[in-house]
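The values are calculated or read from the model by the stated rules, or taken from the named source; none is laboratory data. Please read these numbers as outputs of a predicted model, since none were measured by experiment. We place every Cβ from the backbone using ideal geometry, glycine too, and count neighbours over all the protein chains shown. Please note that ligands, DNA and RNA were not included when accessible areas were found on the heavy atoms of the full protein model with its side chains. Shrake-Rupley method; radii C 1.70, N 1.55, O 1.52, S 1.80 Å.
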Amino acid sequence: MAEPILDYESFFEGAKNALLELDTLSTEEQRLSLESDRISKAIDSEKKATEDKIADTTAKRLKEITSTYDSEIKKAEEQKRVVEVKKEKAKNKKISERISEETKDLREHIAATKSEIKQEMKNVGIPIFCNTRSYFTFYFPHKFFDYIKILITVVVLFLGLPVLIYKLIPEHKPIYLPFIYFVIVLITGGLYIIIGNLTKARHRDSLMKIRAMRDNIDHDMKRIVLITKDINNDSADDRYDLSSFDNEILAVSDKLSDLNAKRNAAVSDFENNTKKVITDEIRESSREKLESLGNELEMTKKSLSSIADRRSQINLTISDKYESYLGRGFLNTEKIDALQKLITDGEANNISEAIDLYERRQNG
């Protein structure tokens, strides 16, 4: 229950002092709050800088450790690749030598047969163009593909060529086609008959003999292809004496395994031991600063808490002792001075009269 005011001078001075103290405490509270935020950000920044330094330093040290091993591993891999290439070249050379050796008799037989064909042609006077695959295809066909070739040639000569010539003639007319066919048949047929009379009719027995020899050559060539294919498909290296290359490749492979094992061991040691030492060293270097900032933050928070408690108490005191008499609108020092002057000068006998008089004058 509010008590009557006996000493207005003390009442007003107490209210003004309380308001001034509240204002001072509020300002200090705001300052300490900002300072607390600043110190907290400084701590966070220092922690982040420390963690970043740890990450950068450990990554750099790990790279320095592994780069040496990686360089040696790369050299060993290149050395192994070079030896493997040399082995492959040596193997291919020996395979070629093996193919040459195992097909020697066939190739000699082919050479002898070709020489015999040339001698036969020379003896009986057969033109050189007769010793061609095309000649024997058209004049002595006896294989399946010979007849396929003849069929294709007939289609091209007597269907494709006439149409092509017909298309190339300016202002071509259908009446031209019979003449085109006649000319083509006349030329190709005439040439075929003439060549046949000059060669096949005169030297049939010799040409049949040559055809048989050419078939022998084809047979030998097929055997050479089969032998070559079998040798190339033979994956065994034992017969080629490549052990020196295999030993060198094995030695380099062992070196690679050793380098990789050492690299893994170095990485493991770094991750499990060295990294912790580096981390502890870096954190220790920033520990003093973080502790100083932490102490400063703790003191600031304590001061802030004390100021906040005091401000709260003053605020409640103002509310209890002065706001109930003056009202919230007159809780500032200028208005309190004005009310105090009205009562001191005798223009008002109490606070209510002073407030009424002040408001009437303010409102004109």
Neighbours by Cβ (under 9 Å, 6+ apart or cross-chain): first from the stretch 136-148, among the β-branched types (Val, Ile, Thr); second open to solvent by less than 20 Å² (accessible area, probe 1.4 Å) and assigned to a helix (DSSP H, G or I): Thr137/Asp146
Note on the stretch 207-247: residues under 30 Å from Ile126 (Cα atoms) and of a type in the set (A, V, I, L, M) are Leu207, Met208, Ile210, Ala212, Met213, Ile217, Met221, Ile224
Looking only at the stretch 206-255, filter to residues that are closer than 30 Å to Gln79 by Cβ and among the hydroxyl-bearing types (Ser, Thr, Tyr); which one of those is surrounded by the most Cβ atoms within 10 Å (Cβ to Cβ)? Tyr240
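Do we have any residue at all in the stretch 99-110 that's under 29 Å from His203 (Cα atoms), without any contact (Cβ under 8 Å) to a residue 24 or more places away in the chain and not aromatic (Phe, Trp, Tyr)? If you could, list the steps in order and put the result at the bottom.
Of the residues in the stretch 99-110, the ones under 29 Å from His203 (Cα atoms) are 106-110.
With the extra rule that they be without any contact (Cβ under 8 Å) to a residue 24 or more places away in the chain, the set shrinks to 108.
Among the residues that remain, those that are also not aromatic (Phe, Trp, Tyr) are: 108.
Within the stretch 99-110 (the criterion being under 29 Å from His203 (Cα atoms), without any contact (Cβ under 8 Å) to a residue 24 or more places away in the chain and not aromatic (Phe, Trp, Tyr)), the answer is yes, since at least one residue qualifies.
Can you find, within the stretch 285-314, the residue that is nearest to Ile336 (Cα to Cα) among those that are over 60 Å from the mean Cα position of the chain (by Cα) and open to solvent by less than 70 Å² (accessible area, probe 1.4 Å)?
Within the stretch 285-314, the match that is nearest to Ile336 (Cα to Cα) is Ile314.
For the stretch 170-205, name all the residues that are among the β-branched types (Val, Ile, Thr) and open to solvent by 50 Å² or more (accessible area, probe 1.4 Å).
First, pick out the residues of the stretch 170-205 that are among the β-branched types (Val, Ile, Thr): 175, 180, 183-185, 187-188, 193-195, 199.
Ile175, Val183, Val185, Ile187, Ile193, Ile194, Ile195, listed by residue number.
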If Ser235 satisfies every condition in (1) in a helix (DSSP H, G or I); (2) farther than 30 Å from Ala59 by Cβ; (3) under 42 Å from the mean Cα position of the chain (by Cα) but one, which is the exception? (1)
The condition from (1) within 21 Å of Arg211 (Cα to Cα); (2) surrounded by 16 or more Cβ atoms within 10 Å (Cβ to Cβ); (3) not small (Gly, Ala, Ser) that Ile99 misses is numbered (1)
Can you tell me which condition Pro174 does not meet? The list is (1) of a type outside the set (Ser, Thr, Tyr); (2) farther than 20 Å from Gly190 by Cα; (3) part of a helix (DSSP H, G or I), and all the others hold. (3)
Inside the stretch 287-331, can you point out the residues that are at pLDDT below 85 and of a type in the set (Ser, Thr, Tyr)? Thr317, Ser319, Tyr322, Ser324, Tyr325
Residues of the stretch 326-356 being touching a helix residue (DSSP H, G or I) at 6+ places or on another chain (Cβ under 6 Å), buried (at least 16 other Cβ atoms within 10 Å of the Cβ) and not in a loop (DSSP other than H, G, I, E, B), in sequence order, are Ile336, Ala338, Leu339, Gln340, Leu342, Ile343, Ile351, Ala354
Residue by residue through the stretch 42-88, note down the ones that are closer than 30 Å to Ser292 by Cα, hydroxyl-bearing (Ser, Thr, Tyr) and either in contact with a strand residue (DSSP E or B) (Cβ under 8 Å, 6 or more places away or on another chain) or exposed (fewer than 12 other Cβ atoms within 10 Å of the Cβ) (or both). Ser45
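So that you can scan it fast, the table gives a plain yes or no per residue for (1) assigned to a helix (DSSP H, G or I); (2) under 25 Å from Tyr135 (Cβ atoms); (3) without any contact (Cβ under 8 Å) to a residue 40 or more places away in the chain; (4) more than 60 Å from the chain's Cα centre (by Cα):
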residue: Ile184; (1), (2), (3), (4): yes, yes, yes, yes
residue: Arg202; (1), (2), (3), (4): no, yes, yes, yes
residue: Arg214; (1), (2), (3), (4): yes, yes, no, no
residue: Arg223; (1), (2), (3), (4): yes, yes, no, no
residue: Thr228; (1), (2), (3), (4): yes, no, no, no
Please list, ordered by residue number, the helices (runs of 4 or more DSSP H) wholly in the stretch 102-168 having 2 or more residues that are open to solvent by 40 Å² or more (accessible area, probe 1.4 Å) and charged (D, E, K, R). 104-124
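Of these, Glu51, Glu46, which one is closer than 19 Å to Ile278 by Cα, without any contact (Cβ under 8 Å) to a residue 24 or more places away in the chain and assigned to a helix (DSSP H, G or I)?
Numbers: Glu46 fails: without any contact (Cβ under 8 Å) to a residue 24 or more places away in the chain.
Sole residue among the options that is closer than 19 Å to Ile278 by Cα, without any contact (Cβ under 8 Å) to a residue 24 or more places away in the chain and assigned to a helix (DSSP H, G or I): Glu51.
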Check Ser319 against each of (1) surrounded by 14 or more Cβ atoms within 10 Å (Cβ to Cβ); (2) closer than 20 Å to Leu25 by Cα; (3) over 60 Å from the mean Cα position of the chain (by Cα); (4) of a type in the set (Gly, Ala, Ser) and name the one condition it does not meet. (1)
So is Arg287 of a type in the set (Lys, Arg) and in contact (Cβ under 8 Å) with a residue 40 or more places away in the chain or not? no
